[in-house]
Amino acid sequence: MVAALGWPSHAVAQPAAQEMLGTWAKSGRCSVPTERLVVTPTTVAMGEGKPAAIVFYTHEVSGRPTLRWAAQGEVANVQYVEPDTLAFYGMGWGMGGPTAAYRRCSP
């Protein structure tokens, strides 16, 4: 028996949505560089780390706009929950609730 695993056909990869772009911080702690999450159309940088390539899905499995790391084997994802909140799922989709909440920082 052979099983093919993949994302649903309605999940179309494209640049991150405008409303997700910018600087966010864990629990709103924008003044602490290690707590930041910076989203560009094609990358995410966490804390003081280097930007990593991402893939954006408009309506992922959860039904919410979602960023996934492009690196093979990376299961973490970020979902757009509301205008000022991103939810970080460090264990991946379906593995419990978010492991962190990020609030939008002022421009």
Q: Pop out the ³J(HN,Hα) list for region 71-79 in order, Karplus 6.51 cos²θ - 1.76 cosθ + 1.60 with θ = phi - 60°, rounded to Hz; leave Gly and Pro as x.
A: 4, 4, x, 7, 9, 4, 8, 10, 10
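Could you tally the net charge around Gly47, taking each other residue with its Cβ under 15 Å from the Cβ of Gly47, Lys/Arg +1 and Asp/Glu -1?
Charge balance near Gly47 sits at +2.
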Q: Starting from the Cα of Ala101, step 7 Å along the direction of its Cβ; do the same at Thr23; then give the gap between the two resulting points in nm.
A: 2.2 nm
(Q) So if I average 1/r over every pair of distinct C-alpha atoms in region 13-104 and take the inverse, what Kirkwood radius in Å does that give? (A) 12.9 Å
Q | Residues with amide H under 5 Å from that of Gly28, placed H, sequence gap 5 or more | A | Arg103
Q. From the phi of every residue in region 20-27, what ³J(HN,Hα) in whole Hz does the Karplus formula 6.51 cos²θ - 1.76 cosθ + 1.60 yield, where θ is phi - 60° and glycine or proline is x?
A. 9, 6, x, 9, 10, 9, 4, 6
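Every number in this text was worked out from the coordinates using simple rules, so none of it is lab data. Fair warning: this is a prediction, and the values are worked out from it, not measured in the lab. Here the Cβ is made from the backbone with ideal geometry for all residues, glycine too, and neighbour counts use every protein chain on show.
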